[in-house]
Every structure is written in C-alpha cells, then in structure tokens.
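A short write-up of the structure that comes next.
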Amino acid sequence: MPSRIKIVKPFTRVKSFDDDAVPDGIELLLEAVNALDNPGLMIVGDVRVELYEYVPASSDHKGQQYDSWRISLTAADDQRMHWNQLTQMYEFRLQINPRAVPRANKYVLLVTYNSPLGEHLTDEFVLGYRDIISPPGGPGG
C-alpha cells in the first residue's frame, strides 16, 4: 500500500494535446510511494483531480474550482491505459475547456487518491501558465 502520492512536478503541465497554441488539457504524472520511500507502486482505487484558481497572499491558495476529473484505477484496462511501465508512474491526460478555464499565471492542482480500504492520500501543486506549450511570441509566449 502507498503511504503517499506525489505529483511529479517537473513533468506535470498545462498543454495542448492537438499541437496548436491553445491549451486544451493538463498532462499529470503521478507516482505512489511506500513507507520506505520507494516509488513505482501501482495503486487500485479512484483518483480525483481538481483544478482551482490560484489565490495569492493566502494560506490556502485554492480559489474557485474550474474543473474536476474522476479516474478509476480498478480494472486491468484502467491500469493499462494510465500506467507507464518505463517511468513506473501514472500518466493522465485531462481535457479542459479553454473557454471555461480563464487564462491565469498560476492554477492549483489537487489530487486525491481513494483506496478501496477507505484511505485518502492527497498532493497539491501550483501549476504555472508558463508551462503551456505555445509558439514563441504567440498567445502563451
């Protein structure tokens, strides 16, 4: 069983999945870590991801919720779809509606893992808009 989950920050970003300048998703890499701090664990259960407005100068930076996703990791097909054997991490491609999520410098990404045993593990990440893939001088650059 994992003792914590960890958003892999260098590789989690807002991006365009169709290679244009308009961001339409979040690529989230998530790893589960055991009590001995060993990564690369497969998990069973549900993962809930929430995207929030970033509120500066606040102890809790989460403002208005923009979107949320629930990802099941209970079936073998779910595992095959999201598990990357090479990196030993879960990869989630979360579609967003660019018109529903206003452009901002930062967002807050909250991930909660719910195990079948009723355990809840969370991790939070402040996601920068600079991570969006866009051409130099274009809308994001």
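The values are calculated or read from the model by the stated rules, or taken from the named source; none is laboratory data. Quantities reported herein were computed from a predicted structural model and do not represent experimental measurements. Because the Cβ atoms are built from the backbone with ideal geometry, glycine has one as well, and the counts that use them run over all protein chains shown.
If you go through region 63-111 and keep only what is within 16 Å of the chain's Cα centre (by Cα), among the aliphatic types (A, V, I, L, M) and outside any loop (DSSP other than H, G, I, E, B), you end up with ILE71, MET81, MET89, LEU94, VAL108, LEU109, LEU110, VAL111. Quick check on my filter: what residues within region 71-83 are under 16 Å from ILE7 (Cα atoms) and in contact (Cβ under 8 Å) with a residue 24 or more places away in the chain? Correct list: ILE71, TRP83.
Determine if region 76-95 includes at least one residue that is over 15 Å from ILE43 (Cβ atoms), at pLDDT 80 or above and in contact with a Leu (Cβ under 7 Å, 6 or more places away or on another chain). Taking every residue of region 76-95 in turn, at least one turns out to be over 15 Å from ILE43 (Cβ atoms), at pLDDT 80 or above and in contact with a Leu (Cβ under 7 Å, 6 or more places away or on another chain).
Selection over region 87-104 of residues that are in contact (Cβ under 8 Å) with a residue 60 or more places away in the chain, closer than 11 Å to ASP67 by Cβ and buried (at least 16 other Cβ atoms within 10 Å of the Cβ) gives a count of 2.
For region 106-121, the set of residues classified as among the aliphatic types (A, V, I, L, M), farther than 9 Å from VAL47 by Cα and crowded, with 16+ Cβ neighbours inside 10 Å consists of VAL108, LEU109, LEU110, LEU121, listed by residue number. Exactly one residue among GLU31, GLU27 is touching a helix residue (DSSP H, G or I) at 6+ places or on another chain (Cβ under 8 Å) and of a type outside the set (Phe, Trp, Tyr), and that residue is GLU27.
Restricted to region 46-62, and to residues that are outside any loop (DSSP other than H, G, I, E, B) and of a type in the set (Ser, Thr, Tyr), which residue is surrounded by the fewest Cβ atoms within 10 Å (Cβ to Cβ)? Taking the candidates together, the pick is TYR54.
Taken over region 1-32, the criterion of being aromatic (Phe, Trp, Tyr) and either surrounded by 17 or more Cβ atoms within 10 Å (Cβ to Cβ) or assigned to a loop (DSSP other than H, G, I, E, B) (or both) is satisfied by PHE17 alone.
Somewhere in region 33-41, is a residue small (Gly, Ala, Ser), surrounded by 14 or more Cβ atoms within 10 Å (Cβ to Cβ) and at pLDDT below 95? No, the conditions are met nowhere in region 33-41.
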